[in-house]
Ligand SMILES: [Fe+2]
């Protein structure tokens, strides 16, 4: 049995570009083509608009430098290459500057369905298209600013809000409920499950999201549905610190999954 090789972060060349192997190009291409086809009637229209606006395609592994220049013109957002998962403070700081951290390594073929660590496909295909949407960017930026203003011990609850929206959110559209969360659109297995009609979908509610535990290593048993990205921005008009304190007082809702050992 081959030993599991850990993922190694990539370093940009002097021209700001990252080198990808033929194998990595193949993985990008396969994932891109597969997901674009599968998500056609299942992902939010704003997601596809973003794919077009960024010029993403299955032929080339996209480069951060190119995405950055397009985003800065479109919404004033940006992306920054990071090694992999970064500490919460650094993460919130980047978001507060309207910048999204992007891990630059690409998953191997054996992890093609889902990878717990965010890779380039998750970051670029999953997150970047919606960074062309002003309201989505406003949410990201304000979320970062609010997070930085709150005491350290609130991160756990802040991540729940992020998880159930930016990562695994669904949105109501004229044509039905569509996926927009990066964890859904960038994962073939999550996309299949989330759009199968089997999982529970409930209208987004801040207090419920803050009190709902999640696991990163399973498909989600529950998805929250927002009405619009503007609704998401208005969530941050509330006093998030007070909401987190209240969520703590009330305690977590029962987990909809087996608790990890
Ligand atoms: Fe993500």
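The values are calculated or read from the model by the stated rules, or taken from the named source; none is laboratory data. Since the model is a prediction, treat every value here as computed from it, not as a measurement. Here the Cβ is made from the backbone with ideal geometry for all residues, glycine too, and neighbour counts use every protein chain on show.
Taking interchain pairs and intrachain pairs at least six residues apart, which have beta carbon atoms under 6 angstrom, with the first residue in segment 147-171 and closer than 18 Å to residue 96 by Cα and at pLDDT below 95 and the second part of a helix (DSSP H, G or I) and within 15 Å of the ligand (Cβ to nearest atom)?
These pairs meet every condition: 155/88.
Determine whether residue 76 is surrounded by fewer than 20 Cβ atoms within 10 Å (Cβ to Cβ), in contact (Cβ under 8 Å) with a residue 40 or more places away in the chain, in contact with a helix residue (DSSP H, G or I) (Cβ under 6 Å, 6 or more places away or on another chain) and part of a loop (DSSP other than H, G, I, E, B).
Numbers: surrounded by fewer than 20 Cβ atoms within 10 Å (Cβ to Cβ): yes; in contact (Cβ under 8 Å) with a residue 40 or more places away in the chain: yes; in contact with a helix residue (DSSP H, G or I) (Cβ under 6 Å, 6 or more places away or on another chain): no; part of a loop (DSSP other than H, G, I, E, B): yes.
No, not satisfied.
Across segment 92-114, which residue is farthest from residue 28 (Cα to Cα) among those that are in contact (Cβ under 8 Å) with a residue 24 or more places away in the chain and within 11 Å of the ligand (Cβ to nearest atom)?
Filtering segment 92-114 for residues in contact (Cβ under 8 Å) with a residue 24 or more places away in the chain gives 92-98, 100, 102-109, 112-114.
With the extra rule that they be within 11 Å of the ligand (Cβ to nearest atom), the set shrinks to 100, 102-103.
On the way: 100: 20, 102: 15, 103: 14 Å.
Checking each candidate, the answer is 100.
Looking only at segment 181-208, which residues are away from the ligand (no atom under 16 Å from the Cβ), touching a residue at least 40 places away in the same chain (Cβ under 8 Å) and in contact with a strand residue (DSSP E or B) (Cβ under 8 Å, 6 or more places away or on another chain)?
Within segment 181-208, 195, 200, 204, 208 qualify.
Every residue in segment 215-258 that is free of Cβ contacts under 8 Å to residues at least 24 places away in the same chain and either assigned to a loop (DSSP other than H, G, I, E, B) or in contact with a strand residue (DSSP E or B) (Cβ under 7 Å, 6 or more places away or on another chain) (or both), please.
Of segment 215-258, the ones free of Cβ contacts under 8 Å to residues at least 24 places away in the same chain are 234, 237, 239, 242, 245, 249, 254, 258.
Selection gives 237, 239, 254, 258.
Helices (runs of 4 or more DSSP H) wholly in segment 107-214 with at least 3 residues that are within 11 Å of the chain's Cα centre (by Cα) and surrounded by 19 or more Cβ atoms within 10 Å (Cβ to Cβ) - which ones? First the steps, then the outcome.
Working: elements: 134-149, 155-162, 182-185, 188-194, 206-210.
Passing ranges, in order: 182-185.
Let me confirm something: among 250, 240, which residue is exposed (fewer than 13 other Cβ atoms within 10 Å of the Cβ) and farther than 30 Å from residue 36 by Cβ?
On the way: 240 fails: exposed (fewer than 13 other Cβ atoms within 10 Å of the Cβ).
The unique qualifying residue is 250.
Quick test for you: out of 37, 10, pick the one residue that is closer than 24 Å to residue 166 by Cα and either at pLDDT 95 or above or surrounded by 17 or more Cβ atoms within 10 Å (Cβ to Cβ) (or both). It would help to see each step written out before you state the result.
On the way: 10 fails: closer than 24 Å to residue 166 by Cα.
When all the criteria are applied, what remains is 37.
Return the only residue of 69, 21, 29 being surrounded by fewer than 20 Cβ atoms within 10 Å (Cβ to Cβ) and touching a residue at least 24 places away in the same chain (Cβ under 8 Å). Break it down into steps so the answer makes sense when it comes.
On the way: 69 fails: touching a residue at least 24 places away in the same chain (Cβ under 8 Å); 21 fails: touching a residue at least 24 places away in the same chain (Cβ under 8 Å).
On inspection, the qualifying residue turns out to be 29.
Could you look through segment 80-91, keep only residues that are in a strand (DSSP E or B) and over 20 Å from residue 27 (Cα atoms), and pick out the one that is farthest from the ligand (Cβ to nearest atom)? Steps first, please.
Restricting attention to segment 80-91, the residues satisfying the condition of being in a strand (DSSP E or B) are 80-82.
From the residues that got through so far, the ones that are over 20 Å from residue 27 (Cα atoms) too are 80, 82.
Details: 80: 14, 82: 12 Å.
Restricting to residues being in a strand (DSSP E or B) and over 20 Å from residue 27 (Cα atoms), the top hit is 80.
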